[in-house]
Amino acid sequence: MQALTSMSCLLTSASPHDGLAKVHAKMMTKNVRHIPVVEEGRLVGILSDRDLLRYAEPDGRSLGFPRGLVAQDVMTKAVVVCRPSTPLAEIATRMIELNIDCMPVTDDAAHLLGIVTSTDLLRIVARQSGRLAGTEIAGEYTYTYAWDAPELSESRAAP
């Protein structure tokens, strides 16, 4: 399997000039932990939920962020990327070695094509083990646990 067959394609991205509150809102709305930072279609950085938490100012009920701080101020600029043809085993190995949870997929001109996350890799393992079934819907997946789908369960008990 290659990155092309397993990457998430419907990406939410941020501009280098987006404020941290706006980036956080995008991440919360789309339920993602990583957001590529893109300028003119090219990947220029990446932000994780942990990056944002370093600058968060909790006010008791929600998170606030310092005014004036934008994505380019806190993003990781030296992003480890892969190509669509990169084997998943290589991606997983690099992610483990570098202790990172995602790898953007780009072309040779740094145009963002997708992203492979640790969750994507775990879904593949679960699907291959027969514990998870997937149906592609508009580039995103809807997952059904095998124990909820009798035709997949083969009389397997839920954990």
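The values are calculated or read from the model by the stated rules, or taken from the named source; none is laboratory data. Just so it is clear, the model here is predicted, and its values are computed rather than measured. Positions of Cβ are generated from backbone atoms using ideal geometry, with glycine treated the same way; all protein chains shown enter the neighbour counts.
Only one residue in L52, L63, L98 is among the hydrophobic types (A, V, I, L, M, F, W, C) and more than 20 Å from I115 (Cβ to Cβ), so which one is that?
Details: L52 fails: more than 20 Å from I115 (Cβ to Cβ); L98 fails: more than 20 Å from I115 (Cβ to Cβ).
Within the list L52, L63, L98, the selection yields L63.
Determine if the stretch 68-77 includes at least one residue that is under 20 Å from A14 (Cβ atoms), at pLDDT below 90 and not polar (S, T, N, Q). Working first, answer last.
Taking the stretch 68-77 and keeping what is under 20 Å from A14 (Cβ atoms), we get 68-77.
Narrowing the set further to residues that are at pLDDT below 90 leaves 68-69.
Now restrict to residues that are not polar (S, T, N, Q): 68-69.
Within the stretch 68-77, one or more residues are under 20 Å from A14 (Cβ atoms), at pLDDT below 90 and not polar (S, T, N, Q).
For the stretch 70-86, name all the residues that are surrounded by fewer than 15 Cβ atoms within 10 Å (Cβ to Cβ) and touching a Gly at 6+ places or on another chain (Cβ under 7 Å).
T76, K77
Go through the stretch 8-67 and give me each residue that's free of Cβ contacts under 8 Å to residues at least 24 places away in the same chain and of a type in the set (K, R).
Correct list: K22, K26, K30, R50, R54, R61.
Which one of these is within 23 Å of G19 (Cα to Cα) and surrounded by fewer than 13 Cβ atoms within 10 Å (Cβ to Cβ): G45, G41? First the steps, then the outcome.
Numbers: G45 fails: surrounded by fewer than 13 Cβ atoms within 10 Å (Cβ to Cβ).
Testing whether each residue is within 23 Å of G19 (Cα to Cα) and surrounded by fewer than 13 Cβ atoms within 10 Å (Cβ to Cβ) leaves just G41.
Quick check on the stretch 87-112: of everything there that is farther than 18 Å from R33 by Cβ and surrounded by 18 or more Cβ atoms within 10 Å (Cβ to Cβ), which residue is modelled with the lowest pLDDT?
Across the stretch 87-112, the extreme among qualifying residues is L88.
Being basic (K, R) and at pLDDT below 90 is the filter here; which residues of the stretch 24-43 pass it? Break it down into steps so the answer makes sense when it comes.
Residues of the stretch 24-43 basic (K, R): 26, 30, 33, 42.
Matches in the stretch 24-43: K30 only.
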